[in-house]
Amino acid sequence: MWRELWTLVARAARGSRRLCTSQSSGAPAFGSGATIFALSSGQGRCGIAVIRTSGPASSQALRSLTAPRDLPPARSASLRLLSDPHTGEPLDRALVLWFPGPQSFTGEDCVEFHVHGGPAVVSGVLQALGSVPGLRPAEAGEFTRRAFALGKLSLTEVEGLADLIHAETEAQRRQALRQLDGELGQLCRSWAETLTKALAHVEAYIDFGEDDNLEDGVLEQADSEVQGLMVALDAHLRDARRGQRLRSGAHVVVTGPPNAGKSSLVNLLSQKPVSIVSPEPGTTRDVLEIPVDLAGFPALLSDTAGLREGVGPVEQEGVRRARERLGQADLILAVLDASDLASPSSCNFLDTVVALLGAQSQRLLLVLNKSDLLPPEGLGPSLDLPPHLLLSCLTREGLDGLLEALKKELAAVCGDPSTGPPLLTRARHRHHLQGCLDALGHYTQTRDLALAAEALRVARRHLSHLTGGGGTEEVLDIIFRDFCVGK
Ligand SMILES: Nc1nc2c(ncn2[C@@H]2O[C@H](COP(=O)(O)OP(=O)(O)OP(=O)(O)O)[C@@H](O)[C@H]2O)c(=O)[nH]1
Ligand SMILES: [K+]
Ligand SMILES: [Mg+2]
């Protein structure tokens, strides 16, 4: 199901991009005062469909389509009969909402029509809106773009909204909501304020350095403000990969000796038979990768070939690929057959792979599978094993415990979006924070005050680019093209 979902999302994103380029040539440019309209809920048959308008002709559009023709009270739902303004043909009985600007999503006058979701009703209302003077169909992301232009959303909030629309797991949704709340933007603004203060101190020193009226230690004050900021930026950047993992999924690799039940575990966690399971050792050869929701976190789960030596060239290549994949893992699930721990392949795996990964402080969960085959007294007391979890892929006993452990590990890998500082979810954020930190590095190294002031200006510019203050059209295009029409 996940693969289909991902394909759909990718297709939708490509589709909206196409729409964006094909319409942008002919349609009036933004700011021309046009009123836009679009279906804002999903395409296809559904219970309720939401059609939105934004722009100065919104009230006119509402009046032309509804009876009675007076505007309903602001921001509360009213039941109205919708009919075609030209033919008078009834279209639907619908809930309408009137949002006079600036208290609306875009900041402009907006109207929402909550109509019955049949395709005929939706296309009828869209056609009727298209016939109202001053109205035209919206381009991809245009509602959000208007909200941004009118200062309703900062750039990081726009990105949060895009992520919220595409969020597929609980953790992604929570992260997107926090970003939409503007937490990252607020943090950047407070950093920018600190920089402005430091810059003011340096500039004051440049202008009045010799002046007795200037209080002592202004430069030292600027220095200590910059030092504090560098520490904060550095801590944030070290956190950055986590936010990105939360957006795109952590790499979780399943490994172990042949026949331990790796593919069985992958099928259990992805809740479908993606990988071939058989009693024959050496069944899995290639790396198989499946996007899954693991305990609320997005993950890319890899099934790999059982690790063993002295086999044919094809399986040997599989083993090479498995080892390579281990090197890219954010988290490793090491699987062993609990009823076969004394076998050479199990011992070898524990002594080499598990010990080595442990020494590299690689995140790893040791899973002893096939617990259903153990005698009633469980594992023998003589075994000296690292911390582990017991599981049976057959009976599912131990699955809850494994999911709980996965949740803890993934929260550490991806960052828990409900606590801690706001995460950096995009490479763009990382780029600007790093740029800011580099510029501050130049500040601390130079003895020339004019260069120091310039370094502070560069640092501040990076922060304002991050929230869209100095946003170039290019950045806006990149972000907005991922929106669909109606958003
Ligand atoms: N009794 C029992 N059998 C299991 C369990 N999990 C897997 N098996 C069986 O163990 C055998 C191997 O399972 P696979 O999932 O193919 O193991 P694998 O580690 O992917 O094997 P390779 O790809 O060959 O390395 C199959 O016959 C499974 O049915 C379990 O929890 N209990
Ligand atoms: K097998
Ligand atoms: Mg397998």
Task: segment 280-347, accessible surface, carbon-and-sulfur percent (1.4 angstrom probe) - done: 51 percent
- [ ] Counting only C-alpha contacts under 8 Å and six or more residues apart, can you give the relative contact order of segment 248-414 as a whole percent?
- [x] 25 percent
TODO: Let me know the volume per residue of the alpha-carbon convex hull for segment 99-207, in Å³.
DONE: 161 Å³
Open item on the list: Under 5 Å between amide hydrogens, which residues at least 5 positions from residue 141 or on another chain qualify, with H placed 1.01 Å from N in the peptide plane?
Closed with: 484, 485, 486, 487
TODO: Count charges around residue 460 for me, please; just the other residues with Cβ under 12 Å from its Cβ, Lys/Arg as +1, Asp/Glu as -1.
DONE: +2
TODO: Step through the residues of segment 433-446 one at a time and calculate ³J(HN,Hα) from phi using the Karplus curve (6.51 cos²θ - 1.76 cosθ + 1.60, θ = phi - 60°), rounding each to whole Hz and writing x for Gly and Pro.
DONE: 5, 5, x, 5, 5, 4, 4, 5, x, 4, 4, 6, 8, 8
Task: Proximal lysines to residue 272, defined as alpha-carbon separation beneath 29 angstrom and excluding residues fewer than eight positions away on the same chain - done: 262, 370, 407, 408
TODO: Just check segment 248-414 against the gyration tensor rule for me: Cα atoms, a ≥ b ≥ c as the square roots of the eigenvalues, rounded for a/c under 1.5, and otherwise prolate or oblate depending on whether a/b exceeds b/c.
DONE: rounded
TODO: Quick one: which residues, 5+ away or cross-chain, put their amide H under 5 Å from the amide H of residue 335? H built at 1.01 Å from N.
DONE: 255, 256, 367
TODO: Please give every one of the lysines within straight-line cross-link reach of residue 152, meaning a C-alpha to C-alpha distance under 16 Å, and leave out same-chain neighbours fewer than 8 residues apart.
DONE: 487
Open item on the list: Can you pull out the GluC sites (Glu not before Pro) in segment 266-334 whose DSSP state is coil and whose Cβ has at most 12 other Cβ atoms within 10 Å?
Closed with: 309
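The values are calculated or read from the model by the stated rules, or taken from the named source; none is laboratory data. Bear in mind the structure is a predicted one, so any value in this text is a computation, not a measurement. Backbone-built Cβ (ideal geometry, glycine too); neighbour counts: all protein chains shown. Keep in mind that these areas ignore ligands, DNA and RNA; they rest on the heavy atoms of the full protein, side chains included. Shrake-Rupley method; radii C 1.70, N 1.55, O 1.52, S 1.80 Å.
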